[in-house]
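Chemist: Got a structure here, written out as structure tokens. Questions coming.
The values are calculated or read from the model by the stated rules, or taken from the named source; none is laboratory data. Quick caveat, the model's predicted, so the values are computed rather than measured. Using ideal geometry, Cβ is built from the backbone for each residue, glycine included, and neighbour counts are taken over all protein chains shown. Remember, those area values only see protein heavy atoms, side chains included, never the ligands or the DNA or RNA. Shrake-Rupley method; radii C 1.70, N 1.55, O 1.52, S 1.80 Å.
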Amino acid sequence: LMLENKFSERIKLSWGVRVEKYDQRLESPGKKDIENDHTDVLPSFLLTYALNKETNIRLAGSRAVNRPEFRELADYSVFDYDNYFVIKGNPDLKPAGNSNADLRYEWFPGVGEIVSASLFYKYFTNPIEQTNLGNDVLSYENAGQATVYGGEFELRKKLDFFGSSFLDRLTIYANAAYIKGSVKFQNKDINSPMQGQSPYLLNGGLAYANTENSFSVNVLYNRIGPRLRFRAVSEGALNVFEKPRDVLDFQISKKLISNRLEVKLSVSDLLAQPTAWYYKFGNDPSNIKYDSREDKVIISERSGTTGTLSLKYSF
């Protein structure tokens, strides 16, 4: 059920609620049957205040749920041949819930352009994390609770204010997020990110589009900060982190024969930096940066660069 109320020319509220009934059954020979029957009430709202025609302030809130998958619940072990781990399910997993709030300022200086800044906060109950049990065995467990908060900035702007015919066709894009958080795991408050969460995210791009001769070029950059892959929960086990890596993608396209034929070349991961996991040694859980003097890389994989050439003809 969703409603929209407009209180004035400046103030608008979109709000409602989603109700989900979820019945999950898992039956395995020789194992105890698992049945989860849940009814979840998930409200949300978005309040928009228009300062003028180009500028808004938005306040949003929502409630969401994350339910365990079959493979996370199944009480059996499988071997991950790609990463050399044994993965074991946990039949005692509970669904995770989270409450979200964010405050956002956005300015639209022109068509297809945006400048925005936002603050966000998330509170999780029973978040599901993939954990390291030691001896190369991974499983899944519910943490007690977790909080995540931070800020985000986004920019997408044409460079037509320089008065150059070349720069008029350029659009720059940038997005950056800074994230903090803490987790309560097995009655211990840990001042570190949740499993899979990066402390920062960086995205950037530059696009050139010439509509006169149907020619375009796009360059995209992405970097994700060090993130926890598997949390150590057993004595003798260690936290496993993923090292940051820079990703650079490139795409060029040209239309020919009265725009009927499109030739496009895409190149992914030009830098081809390896994806690496490492054991983190030390007693400070908030220190997640890789230290070559004491940390140990356990998996390193280089996927390489991928290039694709495509031809598209429209009749």
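Chemist: Failed condition for GLU294, given (1) free of Cβ contacts under 8 Å to residues at least 40 places away in the same chain; (2) open to solvent by less than 60 Å² (accessible area, probe 1.4 Å), with all others met?
Modeler: Evaluating GLU294 over (1) free of Cβ contacts under 8 Å to residues at least 40 places away in the same chain; (2) open to solvent by less than 60 Å² (accessible area, probe 1.4 Å) leaves (2) as the failure.
Chemist: Would you point out which residue out of LEU309, LEU256, LEU265, LEU270 is of a type in the set (A, V, I, L, M), over 30 Å from SER192 (Cβ atoms), open to solvent by 60 Å² or more (accessible area, probe 1.4 Å) and in contact with a Gly (Cβ under 9 Å, 6 or more places away or on another chain)?
Modeler: Details: LEU309 fails: in contact with a Gly (Cβ under 9 Å, 6 or more places away or on another chain); LEU256 fails: in contact with a Gly (Cβ under 9 Å, 6 or more places away or on another chain); LEU270 fails: in contact with a Gly (Cβ under 9 Å, 6 or more places away or on another chain).
Exactly one of LEU309, LEU256, LEU265, LEU270 is of a type in the set (A, V, I, L, M), over 30 Å from SER192 (Cβ atoms), open to solvent by 60 Å² or more (accessible area, probe 1.4 Å) and in contact with a Gly (Cβ under 9 Å, 6 or more places away or on another chain), namely LEU265.
Chemist: Any residue in segment 124-133 that is at pLDDT below 90 and in contact with a helix residue (DSSP H, G or I) (Cβ under 7 Å, 6 or more places away or on another chain)?
Modeler: There is no residue in segment 124-133 that is at pLDDT below 90 and in contact with a helix residue (DSSP H, G or I) (Cβ under 7 Å, 6 or more places away or on another chain).
Chemist: Would you list the strands (runs of 3 or more DSSP E) that sit entirely within segment 1-59 and hold 3 or more residues that are among the hydroxyl-bearing types (Ser, Thr, Tyr)? Steps first, answer last, please.
Modeler: Details: elements: 2-6, 11-26, 34-50.
Strands (runs of 3 or more DSSP E) meeting the threshold: 34-50.
Chemist: Scanning for something more than 30 Å from ILE114 (Cα to Cα), open to solvent by less than 50 Å² (accessible area, probe 1.4 Å), of a type in the set (D, E, K, R) and touching a Gly at 6+ places or on another chain (Cβ under 9 Å), does segment 32-50 turn up at least one residue?
Modeler: Yes, because at least one residue in segment 32-50 is more than 30 Å from ILE114 (Cα to Cα), open to solvent by less than 50 Å² (accessible area, probe 1.4 Å), of a type in the set (D, E, K, R) and touching a Gly at 6+ places or on another chain (Cβ under 9 Å).
Chemist: Return yes or no: is PHE70 surrounded by fewer than 16 Cβ atoms within 10 Å (Cβ to Cβ) and aromatic (Phe, Trp, Tyr)? First the steps, then the outcome.
Modeler: Working: surrounded by fewer than 16 Cβ atoms within 10 Å (Cβ to Cβ): yes; aromatic (Phe, Trp, Tyr): yes.
Judged against the criteria, PHE70 is a match.
Chemist: Same structure, new question: Of a type in the set (A, V, I, L, M, F, W, C), under 17 Å from the mean Cα position of the chain (by Cα) and either modelled with pLDDT of 90 or more or open to solvent by 50 Å² or more (accessible area, probe 1.4 Å) (or both), is that true of LEU201? Steps first, please.
Modeler: Numbers: of a type in the set (A, V, I, L, M, F, W, C): yes; under 17 Å from the mean Cα position of the chain (by Cα): yes; either modelled with pLDDT of 90 or more or open to solvent by 50 Å² or more (accessible area, probe 1.4 Å) (or both): yes.
It is true that LEU201 is of a type in the set (A, V, I, L, M, F, W, C), under 17 Å from the mean Cα position of the chain (by Cα) and either modelled with pLDDT of 90 or more or open to solvent by 50 Å² or more (accessible area, probe 1.4 Å) (or both).
Chemist: Could you please let me know if ARG18 is among the charged types (D, E, K, R), open to solvent by 90 Å² or more (accessible area, probe 1.4 Å) and either under 27 Å from the mean Cα position of the chain (by Cα) or closer than 30 Å to LEU159 by Cβ (or both)?
Modeler: So ARG18 passes the test.
Chemist: Do you know which residues across segment 134-149 are buried (at least 16 other Cβ atoms within 10 Å of the Cβ) and of a type in the set (D, E, K, R)?
Modeler: GLU141
Chemist: Which one of these is open to solvent by 30 Å² or more (accessible area, probe 1.4 Å), on the phi < 0 side of the Ramachandran plot and in contact (Cβ under 8 Å) with a residue 40 or more places away in the chain: PHE79, PHE108, PHE120, PHE85?
Modeler: Numbers: PHE79 fails: in contact (Cβ under 8 Å) with a residue 40 or more places away in the chain; PHE120 fails: in contact (Cβ under 8 Å) with a residue 40 or more places away in the chain; PHE85 fails: open to solvent by 30 Å² or more (accessible area, probe 1.4 Å).
The unique qualifying residue is PHE108.
Chemist: Can you pull out the strands (runs of 3 or more DSSP E) entirely within segment 200-315 that have at least 3 residues that are farther than 27 Å from VAL86 by Cβ and not hydroxyl-bearing (Ser, Thr, Tyr)? Full working, then the answer.
Modeler: Details: elements: 200-210, 215-224, 227-232, 240-242, 245-256, 261-268, 275-279, 296-301, 306-313.
Per the criteria, 200-210, 215-224, 245-256, 261-268, 306-313.
Chemist: Criterion first (closer than 29 Å to TYR173 by Cα, open to solvent by 70 Å² or more (accessible area, probe 1.4 Å), touching an Asp or Glu at 6+ places or on another chain (Cβ under 8 Å) and not β-branched (Val, Ile, Thr)) does LYS12 satisfy it? Show your work before the answer.
Modeler: Numbers: closer than 29 Å to TYR173 by Cα: yes; open to solvent by 70 Å² or more (accessible area, probe 1.4 Å): yes; touching an Asp or Glu at 6+ places or on another chain (Cβ under 8 Å): yes; not β-branched (Val, Ile, Thr): yes.
When the stated conditions are applied, LYS12 passes them.
Chemist: Does LEU155 satisfy the condition of being open to solvent by 40 Å² or more (accessible area, probe 1.4 Å), out of contact with any Lys or Arg (no Cβ under 9 Å at 6 or more places or on another chain) and farther than 30 Å from PHE70 by Cβ? Can you show your working first?
Modeler: Details: open to solvent by 40 Å² or more (accessible area, probe 1.4 Å): yes; out of contact with any Lys or Arg (no Cβ under 9 Å at 6 or more places or on another chain): yes; farther than 30 Å from PHE70 by Cβ: yes.
Taking the combined requirement at face value, the residue satisfies it.
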